[in-house]
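Asker: Sending over a structure as structure tokens; questions will come in a sec.
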Amino acid sequence: MGRTPAGRPQTLLRDRRIALVWTAGLIAWIGSHAMFVVLPFVVFDSTSSPGATALTVLASALPPVLLGQFAGVVTDRADRRRVLLGANLALAVLTIGLLFIGDWGWIAVLSFARSCVAQLVGPAEHALLPELAPNDRLGELASLNTLNNTLARLVGPAFGGILLAAAGFSGVVWLVVVCHALCAVLVFAVDHRSPWTESDQAGPGMLAQWREGARIARQQPVLRVLMPLVVMMAWGEGFVSALLAPFTRELLNAGPDVLGWILSAQAVGGVFGALWSTRVADRRPPFHLLAVAALVAGILLLVVFTYPLGYQAVWPAVALTTLAGAPFAVVAAMQGTLLQTQSPPAARGRVFSLFWGVTSLAQLLGIGLAGVLAERFGSVVVVLDGVGYVIAGLAGLAAARRINW
């Protein structure tokens with residue numbers, strides 16, 4: 001019972017090691033999404049400045065560009081389980097520091113430090129999970145990882161917004177600390193050692209290994225075509241990262257609790273999108289699915305960010321973001337599937353970090369431009385997030401026909 005005719009589990013979550021890592025990621029993501037909602041509101045409410053809010057978000061977006069590339073090299077050279085364990089312990093300690101500062105500038109500094117450590121988490125988790133699963137089920141694994149993040153997005157933002165209103169900033173800080181500590185405990189319980197570490201530690205230096213990862217991404221046809229699409233979507237995400245809190249306050253005339261419900265509503269749709277992806281990821285062309293989902297998500301975003309100009313109500317934002325959540329989840333799942341299936345196992349950390357670093361740079365540019373444009377035109381310029389997704393979707397459909405994916 002609970003297994004396929006071939007004797008394999010019907011769901012990869014029946015594997016104890018995968019379940020432990022998956023649950024650890026879920027808990028850590030809950031804390032991350034809670035902080036994502038809270039920090040911009042704390043800064044915006046204390047300064048009334050979209051520029052200061054954007055700079056705080058910018059502080060968290062800098063480390064992927066500055067350090068993210070070499071985080072992937074570290075992940076491929078070290079035991080990935082130990083990297084994930086150590087990073088979460090360090091994040092718990094750094095998060096406690098937020099209890100002792102109040103000025104938005106120092107919040108931005110500590111956000112920068114936390115983001116530096118967090119660069120190790122993504123590559124380590126992305127590279128560790130495929131070591132625990134069969135190669136012919138990596139699409140399902142990537143979709144489960146998207147489901148993990150989506151469930152956290154369902155709980156984290158709403159919990160963070162409500163906790164901020166009920167217990168203040170310190171209550172949210174302690175929530176995030178506990179999340180990282182629990183994540184570390186679960187990762188510690190995983191019985192696994194990465195098989196690549198000894199040979200990679202004795203191999204070329206870090207810079208040479210980074211170049212090797214960049215060469216793989218450049219020479220692999222699917223990854224080469226995927227890069228500009230995720231860059232365009234990341235550029236758009238820069239606008240929503242910087243301006244979603246001001247947009248909610250200024251155009252929806254709402255507070256952090258409403259923003260939390262909006263983001264959680266997106267996650268509700270994302271759960272369905274991720275569950276659907278677990279069933280189709282290994283049976284349908286992932287590149288084509290990614291392009292279609294990006295186009296649909298972009299169209300919905302255009303409506304979400306423009307309707308308040310003519311109709312003042314919160315419920316359409318909640319309803320529309322619920323619908324948009326499904327294609328967002330499909331985009332994330334298919335991107336993860338492509339990165340895992342098109343990268344050599346020993347280089348997954350580097351390829352992931354390369355994509356993460358380049359897209360983070362694009363997001364950084366979007367954040368910076370968002371702050372400048374919002375000071376002049378208002379937070380409605382967040383609509384450029386939808387524009388980025390529409391362009392990526394159309395370009396992706398054209399590319400899918402060209403490369404037969």
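Asker: Multiplying the sequence separation of Arg193 and Trp174 by 0.36 nm and subtracting their Cα-Cα distance, what value in nm do you get?
Answerer: Numbers: separation 19, 0.36 × 19 = 6.84 nm, distance 3.11 nm.
Roughly 3.7 nm would be gained on extension.
Asker: Label point 7 Å out from Phe377 along Cα-to-Cβ: which residues of the range 278-302 have amide N under 15 Å?
Answerer: 302
Asker: Where in the range 21-44 does the label zone of Trp106 land, with the point 7 angstrom along Cα→C-beta and an amide N cut-off under 19 Å?
Answerer: Zone members listed by number: 39-44.
Asker: So if R0 is 35 Å, what FRET efficiency would Met227 and Ala113 give, r being the distance between their Cβ atoms, rounded to the nearest 0.05?
Answerer: E(calc), rounded to 0.05, equals 0.75.
Asker: Further question: From the phi of every residue in the range 131-148, what ³J(HN,Hα) in whole Hz does the Karplus formula 6.51 cos²θ - 1.76 cosθ + 1.60 yield, where θ is phi - 60° and glycine or proline is x?
Answerer: 5, 9, 10, x, 4, 7, 10, 5, x, 4, 5, 5, 5, 5, 5, 5, 4, 3
Asker: Further, regarding this structure: Residue by residue, what Karplus-based ³J(HN,Hα) values in Hz, rounded to whole numbers, does the range 84-97 have, using 6.51, -1.76 and 1.60 with θ = phi - 60° and x for Gly and Pro?
Answerer: 5, 5, x, 5, 5, 4, 5, 5, 4, 5, 5, 5, 4, x
Asker: Find how many whole Å separate the alpha carbon centroid of the range 334-405 from the alpha carbon centroid of the range 239-296.
Answerer: 14 Å
Asker: Report, in deg cm²/dmol and to the nearest 500, the calculated mean residue ellipticity at 222 nm for the chain, where each DSSP H run with n ≥ 4 adds -39500 (n - 2.57) and the sum is divided by the residue count.
Answerer: -28000 deg cm²/dmol
Asker: At 0.36 nm per residue, minus the direct Cα-Cα distance, what do Ala208 and Ala319 gain on full extension? Give it in nm, one decimal, please.
Answerer: 35.1 nm
Asker: For a protection proxy built on the mean count of beta-carbon atoms within 10 angstrom, sort 50-56, 306-312, 368-374 highest first, please.
Answerer: 50-56, 368-374, 306-312
Asker: Could you give the length gained on full extension between Tyr307 and Trp276, defined as 0.36 nm per residue of separation minus the Cα-Cα distance, in nm?
Answerer: Details: separation 31, 0.36 × 31 = 11.16 nm, distance 2.91 nm.
Separation in residues times 0.36 nm, less the Cα-Cα distance, equals 8.3 nm.
Asker: Follow-up. Helix 384-403 versus the longest principal axis of the chain: what angle, 0 to 90°, nearest 10, using Cα atoms?
Answerer: Result, in degrees: 30.
Asker: Could you tell me the center-to-center distance, by alpha carbons, between the range 110-185 and the range 17-54 in angstrom?
Answerer: Here the two parts' Cα centres lie 9 Å apart.
Asker: Measure nothing fancy, just the Cα-based angle from helix 50-66's long axis to the longest principal axis of the chain, in degrees from 0 to 90, nearest 10.
Answerer: 10 degrees
Asker: Quick one: angle between helix 68-77 and the longest Cα principal axis of the chain, in degrees between 0 and 90, rounded to 10, please.
Answerer: Orientation of helix 68-77: about 30 degrees from the principal axis.
FYI, it's all coordinate maths here, none of it is from the lab. Predicted, not measured: the structure shown is a model, and the values here were computed from it. Because the Cβ atoms are built from the backbone with ideal geometry, glycine has one as well, and the counts that use them run over all protein chains shown.
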